[in-house]
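Enquirer: Can you read through this structure? Questions will come right after.
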Amino acid sequence: MRIVIAGGHGQIGLRLTQALIERGDAVVSLVRSASQILDVTDLGATVAMLDLEQDDAAEIAHALKDADAVVFAAGAGPGSTIARKDTVDRAGAVLLADACEIAGVRRYLLVSSMGVDSVRGGKTPDGADETFVAYLRAKAAAESDLVARDTLDLTILRPGRLTDETGTGKVTLAESVERGDVTRDDVAVTIGEILHVPGTEGKTLELIGGDVRIDDAVYRIANPS
Ligand SMILES: NC(=O)c1ccc[n+]([C@@H]2O[C@H](COP(=O)([O-])OP(=O)(O)OC[C@H]3O[C@@H](n4cnc5c(N)ncnc54)[C@H](OP(=O)(O)O)[C@@H]3O)[C@@H](O)[C@H]2O)c1
């Protein structure tokens with residue numbers, strides 16, 4: 001498969017690049033700084049220099065030529081302003097979908113977040129920090145925009161709190177799971193598996209660490225009994 005990763009130099013993006021290359025996929029990594037290029041080309045990916053807050057959908061669509069799938073793994077990141085939750089976490093995901101429509105790419109995996117349902121309908125979770133609420137609202141709005149499109153074969157993946165521990169290769173993956181942590185390693189491998197297994201389109205899935213092998217967990221989602 002040829003897979004384009006928005007946020008290709010992010011912590012999940014780099015792990016996902018490695019996981020996909022190991023599977024034999026071709027990866028196009030979208031980065032916005034020249035200093036990041038070698039990190040992704042050393043893994044075997046090709047690079048397109050694009051900024052989701054500066055470039056337009058037509059420019060991004062060029063990088064999506066012949067792609068089988070895109071992954072939105074970008075994010076404004078911790079410490080960023082409320083405004084950038086909107087311009088990256090919401091608008092960046094929407095812009096990538098616009099670019100998919102221009103390029104004719106249907107398969108889209110959105111890395112969202114556990115907790116988005118807690119802000120739907122204007123709700124504010126008790127005691128939540130306002131920047132975190134803005135982040136969840138941006139993710140919720142991105143999900144809603146993408147779900148409404150009939151031009152995408154969409155999977156929404158909502159990981160729990162991300163950690164940098166070494167992956168276990170085992171997860172809990174379901175439409176709804178208890179709150180918990182998951183390693184970035186295991187998120188990356190799960191994304192790779194989802195993209196390769198037919199039947200995962202049209203699903204919104206929550207992901208935390210667990211005791212089911214990632215390939216089995218994805219197979220069960222794609223083949224519910
Ligand atoms: N942290 C958590 O516990 C948690 C939980 C659930 C889901 N998530 C989500 O998981 C995803 C990946 O997380 P992560 O830890 O890998 O994030 P990360 O390391 O912060 O990576 C985010 C990536 O987005 C890129 N980016 C930011 N602004 C951009 C722009 N304008 N145009 C293009 N790229 C841009 C960054 O590039 P630069 O290096 O150039 O800034 C970086 O490569 C995010 O969507 C995050 O919201 C996080």
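Enquirer: Find the residue count for the stretch 35-58, including only residues that are assigned to a helix (DSSP H, G or I), away from the ligand (no atom under 11 Å from the Cβ) and open to solvent by 20 Å² or more (accessible area, probe 1.4 Å).
Expert: Of the residues in that region, 4 qualify.
Enquirer: Something else about it: Confirm whether residue 128 is outside any strand (DSSP E or B) and under 18 Å from residue 69 (Cβ atoms).
Expert: no
Enquirer: Continuing with the same structure: Among the residues of the stretch 60-80, write down those that are out of contact with any Lys or Arg (no Cβ under 7 Å at 6 or more places or on another chain), open to solvent by 30 Å² or more (accessible area, probe 1.4 Å) and more than 12 Å from the ligand (Cβ to nearest atom).
Expert: 62, 65 - these are the residues of the stretch 60-80 that are out of contact with any Lys or Arg (no Cβ under 7 Å at 6 or more places or on another chain), open to solvent by 30 Å² or more (accessible area, probe 1.4 Å) and more than 12 Å from the ligand (Cβ to nearest atom).
Enquirer: Scan the stretch 111-125 for residues that are more than 13 Å from the ligand (Cβ to nearest atom), open to solvent by less than 40 Å² (accessible area, probe 1.4 Å) and assigned to a helix (DSSP H, G or I) and report the count. Please lay out each step first, then the result.
Expert: Within the stretch 111-125, the first condition is being more than 13 Å from the ligand (Cβ to nearest atom), and the residues that meet it are 117-125.
Within this subset, residues satisfying the condition of being open to solvent by less than 40 Å² (accessible area, probe 1.4 Å) are 118-119, 125.
Right, trim to assigned to a helix (DSSP H, G or I) and you get 118-119.
The total comes to 2.
Enquirer: Follow-up. Go through the stretch 164-185 and give me each residue that's out of contact with any Pro (no Cβ under 8 Å at 6 or more places or on another chain) and within 20 Å of residue 116 (Cβ to Cβ).
Expert: 171, 172, 173, 174, 175, 176, 177, 178, 179, 180, 181, 184
Enquirer: For residue 185, which of the numbered conditions (1) touching a Gly at 6+ places or on another chain (Cβ under 7 Å); (2) outside any helix (DSSP H, G or I) fails to hold?
Expert: (2)
Enquirer: Restricting to the stretch 22-34, what's the tally of residues that are surrounded by fewer than 16 Cβ atoms within 10 Å (Cβ to Cβ) and away from the ligand (no atom under 13 Å from the Cβ)?
Expert: Total meeting the criteria: 3.
Enquirer: Take the residues in the stretch 65-94 that are aliphatic (A, V, I, L, M) and within 14 Å of residue 51 (Cα to Cα); name whichever of them is nearest to the chain's Cα centre (by Cα).
Expert: Going through the stretch 65-94, the residues aliphatic (A, V, I, L, M) turn out to be 67, 69-71, 73-74, 76, 82-83, 88, 91, 93-94.
Next cut, within 14 Å of residue 51 (Cα to Cα) only: 73-74, 76, 88, 91, 93-94.
Details: 73: 4, 74: 7, 76: 13, 88: 12, 91: 14, 93: 9, 94: 12 Å.
Among those that are aliphatic (A, V, I, L, M) and within 14 Å of residue 51 (Cα to Cα), it is 73.
Enquirer: From the list 135, 108, pick out the single residue that is over 21 Å from residue 177 (Cβ atoms) and not in a loop (DSSP other than H, G, I, E, B).
Expert: 108
The values are calculated or read from the model by the stated rules, or taken from the named source; none is laboratory data. Here the structure is a predicted model, which is why all the values come from computation and not from measurement. Backbone-built Cβ (ideal geometry, glycine too); neighbour counts: all protein chains shown. Accessible surface is based on the protein model in full, side chains and every heavy atom, while ligands, DNA and RNA are left aside. Shrake-Rupley method; radii C 1.70, N 1.55, O 1.52, S 1.80 Å.
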